[in-house]
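Following: one structure in structure tokens, then a few remarks.
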Amino acid sequence: TPCQYGAIAALQGDQQIVADMRDEFDVRRQYMLSRLQAIKGLKVVEPKGAFYFLVGIESYGIKSINFCEKLLSKGKVAAVPGVAFGSEYTLRFSYATGLDVINAGMDRFEEFCGQH
């Protein structure tokens, strides 16, 4: 089928793009990690194999669904409530986007956290 031929071509073709993408995502991961670690009251675990951060927000005393709703409406930042992953006081942020978007989102998130 066409999908199988596409998979064969992807596996047998030049793999440099994979290395380039890995390196770019590492830059984004490190940048977002440094920004999150600088925000008082958060607990951050460095991801080792995904495009997401799980961020502990327990010190804010707001459950993840309410925190995410307020963050979206007031801070214009989207995050996934950690309750979906079994933790009521965590958020999930993706870094599968450009550095400019990450920077703008982290600016707004930092401002939001400073107000709560």
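Quick grid of which residues meet (1) without any contact (Cβ under 8 Å) to a residue 60 or more places away in the chain; (2) within 18 Å of H116 (Cα to Cα); (3) charged (D, E, K, R):
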position	(1), (2), (3)
L11	yes, no, no
R22	yes, no, yes
Q30	yes, no, no
L54	yes, no, no
S59	yes, yes, no
F67	yes, yes, no
S73	yes, yes, no
V77	yes, yes, no
G82	yes, no, no
Among the residues of the range 1-58, the number that are within 11 Å of the chain's Cα centre (by Cα) and part of a loop (DSSP other than H, G, I, E, B) is 4
When I39 is run through (1) surrounded by 10 or more Cβ atoms within 10 Å (Cβ to Cβ); (2) more than 26 Å from Q115 (Cβ to Cβ), the failure sits at (2)
Note on the range 93-116: residues open to solvent by less than 60 Å² (accessible area, probe 1.4 Å) and either under 24 Å from K48 (Cβ atoms) or in a loop (DSSP other than H, G, I, E, B) (or both) are F93, S94, Y95, A96, T97, G98, I102, N103, G105, M106, F109
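The values are calculated or read from the model by the stated rules, or taken from the named source; none is laboratory data. It should be emphasised that the depicted structure is a prediction, and the values quoted were computed from it without experimental measurement. Note that we place each Cβ from the backbone using ideal geometry, even for glycine, and neighbour counts take in every protein chain shown. What goes into the accessible areas is simple: the full protein's heavy atoms, side chains included, and nothing from ligands, DNA or RNA. Shrake-Rupley method; radii C 1.70, N 1.55, O 1.52, S 1.80 Å.
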